[in-house]
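The values are calculated or read from the model by the stated rules, or taken from the named source; none is laboratory data. No experiment lies behind these values; they were computed from the predicted model shown. Here the Cβ positions follow ideal geometry from the backbone for every residue, glycine too, while neighbour counts run over all protein chains shown. Side chains included, ligands, DNA and RNA excluded: accessible areas come from the protein's heavy atoms. Shrake-Rupley method; radii C 1.70, N 1.55, O 1.52, S 1.80 Å.
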Amino acid sequence: MKNARNMNAWAQRALVVLLAGTMVSCGSDKPKAPEVNPRDQFLGEWKSDDTNSQTHTVIRRKGDTFFIHEGLNDLTGIYDSTAQVIMIDNGIKKVPVKYLPETSQLLVSGGSRDAKFSRVKK
């Protein structure tokens, strides 16, 4: 009987240690923030910060190809993962579009002048 009680006490302690270890290992994991695909930061509707134009730019994508619609213009661009920019070929030259995470804006570098765009809030 004494031997059975010792065995039962030992089993209970082992169970408590096992449960406590399981709770600690499950409870200490911080939830991971979902990974953001840098390509997705370009998507949406944008407006120029430099002009009072009512024409907005809409950017969509399929894979690494981006479809840019602005007014009557439809352009395509390819994502450059090294530079983390969309390279738009407008027929004359290639224009980089960069996402600025610190301000949540797009920077379009068009030669001698740059233009910034902000996301349209709905």
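Could you tell me whether segment 61-79 includes any residue that is out of contact with any Asp or Glu (no Cβ under 9 Å at 6 or more places or on another chain) and aliphatic (A, V, I, L, M)?
The answer is yes, given that some residue of segment 61-79 is out of contact with any Asp or Glu (no Cβ under 9 Å at 6 or more places or on another chain) and aliphatic (A, V, I, L, M).
Considering only residues of segment 66-103 that are in a loop (DSSP other than H, G, I, E, B) and within 20 Å of residue 47 (Cβ to Cβ), which is nearest to the chain's Cα centre (by Cα)?
From segment 66-103, those in a loop (DSSP other than H, G, I, E, B) are 71-72, 81-84, 90-93, 101-103; that's our starting set.
Going one step further and asking which of them are within 20 Å of residue 47 (Cβ to Cβ), we end up with 71-72, 90, 101-103.
Details: 71: 27, 72: 29, 90: 26, 101: 10, 102: 13, 103: 14 Å.
Looking at the filtered set, the residue picked out is 101.
I need a count of the residues in segment 54-68 that are surrounded by fewer than 15 Cβ atoms within 10 Å (Cβ to Cβ) and in contact (Cβ under 8 Å) with a residue 12 or more places away in the chain.
Keep residues of segment 54-68 that are surrounded by fewer than 15 Cβ atoms within 10 Å (Cβ to Cβ), which gives 54-55, 58, 60, 62-65, 67.
Subset that is in contact (Cβ under 8 Å) with a residue 12 or more places away in the chain: 55, 58, 60, 64-65.
The number of residues fulfilling the criteria is 5.
Quick check on segment 104-122: of everything there that is open to solvent by less than 70 Å² (accessible area, probe 1.4 Å) and part of a loop (DSSP other than H, G, I, E, B), which residue is nearest to residue 46 (Cα to Cα)?
Within segment 104-122, the first condition is being open to solvent by less than 70 Å² (accessible area, probe 1.4 Å), and the residues that meet it are 104-111, 115, 117-118, 120.
If we keep only those that are part of a loop (DSSP other than H, G, I, E, B) as well, we get 104, 111, 120.
Numbers: 104: 11, 111: 21, 120: 5 Å.
Out of the qualifying residues, it is 120.
Residue-wise test of (1) of a type in the set (Asp, Glu); (2) modelled with pLDDT of 95 or more.
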position	(1), (2)
43	no, yes
48	no, no
54	no, no
58	no, yes
70	yes, no
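Given the criteria of a type in the set (Ser, Thr, Tyr), open to solvent by less than 60 Å² (accessible area, probe 1.4 Å) and under 17 Å from residue 110 (Cα atoms), does residue 76 qualify? Before you say what the answer is, go through the steps one by one.
Numbers: of a type in the set (Ser, Thr, Tyr): yes; open to solvent by less than 60 Å² (accessible area, probe 1.4 Å): no; under 17 Å from residue 110 (Cα atoms): yes.
The answer is no for residue 76.
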